[in-house]
Amino acid sequence: MAIDFGEKRVGVASTDETGQFALPRMVLQNDENLINEVIRLSDTFEAEKIIIGESTNFKGEANPIQKEAEKFAETLMSRGRSVEFHPELLTSVEASHIQGENEMLDASAAALILKSYIDSRKT
């Protein structure tokens, strides 16, 4: 399972049954219910790990949202979830080019993060 963590919205993606294809699932609001909803979804998707997009600029420096994503990851880990960060540079831009601007953009960005993570494990 992967998430594209944003200040207002969080995109969610998961794999198919084979673990080879990344599928955009939904966009959640970044509010007080987010942590419980992500944990519930990780159970529903039987996720072994939650991949969170690592938000950096072109110099590789953390963007301001990265600190919030790290706090979120710490909370997930304290609740027994395995979490890993994976680079997400320009995934929202790429998702926008593929599908245009719509309500599933953040979920599609999460799917691109997950696809990149899957591909990086194959080599």
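Values quoted throughout were computed directly from the atomic coordinates according to the rules given, and no laboratory measurement underlies them. These figures come from a predicted structure and were not determined experimentally. Backbone-built Cβ (ideal geometry, glycine too); neighbour counts: all protein chains shown.
Of all the stretches in the chain, which is the longest one without any exposed loop site, taking GluC sites (Glu not before Pro) in a DSSP loop (any state but H, G, I, E, B) with at most 11 other Cβ atoms within 10 Å? Answer from the scan: 62-100.
Can you pull the percent of Cα pairs in the chain with separation above 17 Å?
Values: 3868 of 7503 pairs.
Summing the P(r) tail past 17 Å for the chain gives 52 percent.
Computed from the C-alpha gyration tensor, the three semi-axes of the ellipsoid equivalent to segment 27-81 are 22, 12, 11 Å, from longest to shortest. Take the Cα of GLU74, step 7 Å toward its Cβ, do the same at LEU23, and the gap between the two points is 3.5 nm.
By DSSP, the beta bridges lying fully in segment 2-122 are antiparallel in about 65 percent of cases.
In segment 1-68, which trypsin sites (Lys or Arg not before Pro) fall in coil by DSSP and have 16 or fewer other Cβ atoms within 10 Å? Intermediate values should be presented prior to the final figure.
Numbers: sites: LYS8, ARG9, ARG25, ARG40, LYS49, LYS59, LYS67; in loops: LYS8, LYS49, LYS59.
Sites meeting the loop and neighbour criteria: LYS8, LYS49, LYS59.
Per-residue extension of 0.36 nm, minus the Cα-Cα distance of SER82 and ASP43, leaves a gain of 12.8 nm for this segment.
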